[in-house]
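Read-outs throughout are calculated quantities, based only on the coordinates presented, and are distinct from any laboratory measurement. In this text the structure is predicted, and so the values were computed from the model without any measurement. Because the Cβ atoms are built from the backbone with ideal geometry, glycine has one as well, and the counts that use them run over all protein chains shown.
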Amino acid sequence: MRGNAADLYEQDFVRWTEQQSSALREAAGVGTNLPLDWENLAEEIESLGASQRRELRSRIGGILEHLLKLEHSPAKDPRRGWIESTANHRSEIELLLNDSPSLRADVARIIAEQAPKVARRTIRMLRLYGEDVSNLELPNYTEEQVLGDWFPGEVVPLAVSGERDEPE
């Protein structure tokens, strides 16, 4: 069992936290004379996996916000920052999914859950800057658009490709 748990820890951290918290609760139910706070230990380990899910949700929300702004805002100055932020979120999500492949099953649900919330927040922010948001619709971005290299419209993601304009 120890080898399997150690392997799972390396292969999928979130699954490991789920398995270990369950095993701790089971051990507490069987009874032992070890002076351990079984339930709180299980909750703490479980919270490590929940933290990974919260990070995934937050990063997807950041991507959705910046894709919406890139698609609907005429503002020029912040665009590079939105592109770079989107690229950074995507890179961090890639690391999260490498550490915990089981999180990939949550991505589509999180996108669907976050899209309306992010759209409302983004609309409020764009209005604060006097931008016309009357044509802004609820985004229907796919998982591939959110996690991949896609950007709306004519955006040239220099920050993503690493290409820079070289002086002639």
Which entry in (1) 13.9; (2) 9.8; (3) 12.8 is this structure's computed mean projected area of the Cα convex hull in nm²? (1)
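Around ARG127, with a cut-off of 13 angstrom between Cβ atoms, what is the net charge of the other residues, counting Lys and Arg +1 and Asp and Glu -1? The partial results should precede the final answer.
Numbers: positive: LYS69, ARG120, ARG121, ARG124; negative: GLU131, ASP132.
Result for the neighbourhood of ARG127: +2.
In percent, what relative contact order does the chain have, based on Cα pairs under 8 Å that are 6 or more apart in sequence?
Working: 147 pairs, mean separation 42.0, N = 168.
Relative contact order here is 25 percent.
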Angle in degrees between helix 2-11 and the longest Cα principal axis of the chain, rounded to the nearest 10: 0
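Order of SER73, SER102 from fewest to most other C-beta atoms within 10 Å? Present the calculation step by step, with values, prior to reporting the outcome.
On the way: SER73 20, SER102 16.
If I rank by nearby Cβ atoms, fewest first, I get SER102, SER73.
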Determine, from the Cβ-Cβ distance of ASP149 and ASN33 and an R0 of 45 Å, the FRET efficiency 1/(1 + (r/R0)^6), rounded to the nearest 0.05. 0.20
Could you tell me how many degrees, from 0 to 90 and to the nearest 10, lie between the Cα long axis of helix 13-30 and the main elongation axis, the longest principal axis, of the Cα atoms of the chain? 30
